[in-house]
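Asks: My questions will all concern the structure given below.
The values are calculated or read from the model by the stated rules, or taken from the named source; none is laboratory data. Note that the structure is a prediction, hence the values are computed from the model and not measured. Reconstructed Cβ throughout: ideal geometry from the backbone, glycine too, with neighbour counts over all protein chains shown.
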């Protein structure tokens with residue numbers, strides 16, 4: 001096993017962990033309607049998903065072997081996607097506060113930051129890119 005294969009495998013395993021962590025943004029108390037958890041996830045999870053997905057692509061030359069390491073990512077993607085789509089519907093279509101969606105209580109009196117409507121679409125775009133990378137391991141043309 002060469003270095004690119006090892007790096008690709010490690011990236012895929014870390015990617016599955018980070019994709020799953022996206023769902024944990026709801027584990028918050030939303031004290032005073034605080035959106036800190038969502039903001040941190042925007043600056044930590046999205047770059048991690050895009051970065052790890054990109055690094056994983058270097059192993060496409062050995063994709064027949066490496067693609068099995070995409071299975072944990074495939075397990076995490078539906079859960080994370082469902083989670084993000086709930087926020088797209090709640091925030092972008094219904095105009096709800098993220099804390100209202102997370103806790104089920106009324107936070108509509110708390111002001112929203114200007115970045116809030118972009119949170120779910122940006123996360124969704126990162127998950128789509130991650131899905132594309134996984135598809136490349138299973139069905140893409142072999143490189144190298």
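Asks: Please specify each residue of region 55-100 satisfying the condition of being in contact (Cβ under 8 Å) with a residue 40 or more places away in the chain and closer than 16 Å to residue 22 by Cβ.
Replies: Correct list: 72, 73, 74, 75, 76, 77, 79, 80, 81, 83, 84, 98.
Asks: Of all helices (runs of 4 or more DSSP H) completely enclosed by region 58-133, which ones contain at least 3 residues that are under 20 Å from the mean Cα position of the chain (by Cα) and surrounded by fewer than 16 Cβ atoms within 10 Å (Cβ to Cβ)? Show your work before the answer.
Replies: Details: elements: 63-66, 71-87, 98-103.
It comes to 71-87.
Asks: Next question, about the same structure. Pick from region 1-53 the residues that are crowded, with 16+ Cβ neighbours inside 10 Å and not in a helix (DSSP H, G or I): which of them is modelled with the highest pLDDT?
Replies: Looking at residues that are crowded, with 16+ Cβ neighbours inside 10 Å and not in a helix (DSSP H, G or I), I get 35.
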